[in-house]
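Before any comments, here is the structure.
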Amino acid sequence: QVQLVESGGGLAQAGGSLRLSCVVSGSIFSVSTMDWWRQAPGKQRELVASISSSRSTSYADSVKGRFTISRDNAKNAVYLQMNSLKPEDTAVYYCHRRVGPYWGQGTQVTVSS
């Protein structure tokens, strides 16, 4: 059974940083593109960042230059380093594995002004 477990969310001040982690159980992690999505209250879920099996990355325009996605295949983990946080980054952040697909349970990120 595949499980995605996120951690690292919490409360940060504007301009601060947080690092999200997602550990994936099960096999074939290394061959799957992994994503971070987020959903703010009253808004649709949006794709924040993606990383392919070859470590090619892409980002939403709203987070480019501030967020960095990375992966450690030896640990079956994907990370999202979030710097220069803004109040509009407040959302529940979800880890997503495209092969499946599978979703994590989400972790809350709240940025105060």
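The values are calculated or read from the model by the stated rules, or taken from the named source; none is laboratory data. Keep in mind it's a predicted model, so treat the numbers as computed, not measured. All Cβ positions, even for glycine, are placed from backbone atoms using ideal geometry, and neighbour counts span all protein chains on display. Note: accessible area is taken over every heavy atom of the protein model, side chains too, but ligands, DNA and RNA are not part of it. Shrake-Rupley method; radii C 1.70, N 1.55, O 1.52, S 1.80 Å.
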Accessible area (Å², per residue) of the chain, counting only protein heavy atoms and a probe of 1.4 Å: 51 Å²
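Name the chymotrypsin sites (Phe, Trp or Tyr not before Pro) in the stretch 24-113 that are in a loop by DSSP and that have at most 15 other C-beta atoms within 10 Å, would you?
none
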Portion, in percent, of the accessible area of the chain that falls on carbon or sulfur, probe 1.4 Å: 48 percent
Global size of the stretch 1-71 as Cα Rg and Dmax, reported in angstrom: 13.3, 38
Under Karplus coefficients 6.51, -1.76 and 1.60, residue-wise ³J(HN,Hα) of the stretch 34-41 in Hz, glycine/proline x: 10, 10, 10, 10, 8, 9, 8, x
Qualifying trypsin sites (Lys or Arg not before Pro) for the stretch 11-67 [loop in DSSP, other Cβ within 10 Å: at most 12]: LYS43, ARG55, LYS64
Square roots of five times the Cα gyration tensor eigenvalues for the stretch 18-113, Å: 22, 14, 12
